[in-house]
Amino acid sequence: MTRIAFTASERPEAQDARASLAKRYGDIPIERAEVIVALGGDGFMLECFHDHMDTGLPIYGMNRGSVGFLMNDYDEAGLVERIAAAERAVIRPLRMTATDIHGASHVALAINEVSLLRQTRQTAKLRISIDGKLRLGELSCDGALVSTPAGSTAYNLSAHGPIIPLDAKVLALTPISAFRPRRWRGALLAHTAKVTFEVLEPGKRPVSAVADNIEVRDVLNVHIAEDRDIELNMLFDEGRSLEERVLAEQFSD
């Protein structure tokens, strides 16, 4: 892959890196590129996938941001060779369909997770169904989320959810600061599962739904399912695959 399109976050170090790399390797327009090199942090990597999802191009990230779990180390030397030898991780996003209190429907994709979050000082009250069957009649909490394996080391992990290997074919359903039932820690679901959240008392206890960085406020219900028609290809340096990083994270301090 020698036709490289570079893209960078607004951080000065990312912009400087783009200028230097473009001078060294050239900078092909997205429509003629074979691969996209993203310069920034994990948040910018997610933005790139959302922005260029319809191209089908693989994305190779290099860390020029604050968090770099999804990124490769930054090094200008041997970039073409590194990309050629890179290991590929295939990510399938979640599709969120949310209906708000005005009856409007909102659709968004999430590579990491879809989360429901309370909007006020009062706890949210959620009803949870899986594949059309009621599983939890009332969850009082700050919120809840459904995470992909790729996103399991992000917000899901911070909410004490499980780390999931990429090839496990499961999703994590994780409560955020559950109050009732206090001992409920969430569930692991088949990747084919369809999750529905219903917001109880939406007028008194408003809830927002967030798919990665896309927020819908004052939702009534949210349907979440893996979108099997979309494949996102992420490239990692040889020997430092996303699978290896997810495994190593489980043995870190």
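No value in this document is a laboratory result; all are computed from the given coordinates. Only a predicted model underlies this, so the values are computations on that prediction, with no experimental measurement involved. Cβ coordinates were reconstructed from backbone atoms using ideal geometry, including for glycine residues, and neighbour counts include every protein chain displayed.
Structure summary
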| item | result |
| --- | --- |
| Protection proxy ranking of 34-40, 246-252 - average other beta-carbon atoms within 10 Å, highest first | 34-40, 246-252 |
| Structure-based [θ]222 nm, the chain - -39500 (n - 2.57) summed over DSSP H runs of at least 4, per residue, nearest 500 | -4500 deg cm²/dmol |
| Proxy reagent accessibility, fewest Cβ within 10 Å first, across Phe236, Phe69, Phe179 | Phe179, Phe69, Phe236 |
| With Cα atoms, 0 to 90° folded angle of helix 12-25 axis to the chain main axis | 40 |
| Cα gyration tensor shape of the range 99-160, rounded if a/c is under 1.5, else prolate or oblate by comparing a/b with b/c | rounded |
| Nearest-ten-degree value, helix 42-51 long axis tilted from longest Cα axis of the chain | 90 |
| Qualifying GluC sites (Glu not before Pro) in the range 1-33, DSSP loop, other Cβ atoms within 10 Å at most 10 | Glu10 |
| Neighbour-count ranking [beta-carbon atoms within 10 angstrom, fewest first] of Ile214, Ile224, Ile30, Ile91 | Ile30, Ile214, Ile91, Ile224 |
| Cross-link reach list, aspartates and glutamates versus Lys169, counting only Cα pairs under 12 Å and skipping chain neighbours closer than eight places | Glu226 |
| Computed label-point distance, nm, for sites Glu10 and Ser177 using a 7 Å Cα→Cβ extension | 2.9 |
| Burial ordering of Thr120, Thr148, fewest other beta-carbon atoms within 10 Å first | Thr120, Thr148 |
| Spacing of the two label points (7 Å from each Cα toward its C-beta) at Ala85 and Leu188, in nm | 3.4 |
| Theoretical gain in end-to-end length, Arg135 to Ser20 [0.36 nm per residue, Cα-Cα removed] | 36.0 nm |
| 10 Å Cβ shell holding at most 14 others, DSSP loop, trypsin sites (Lys or Arg not before Pro): longest site-free stretch of the chain | 4-120 |
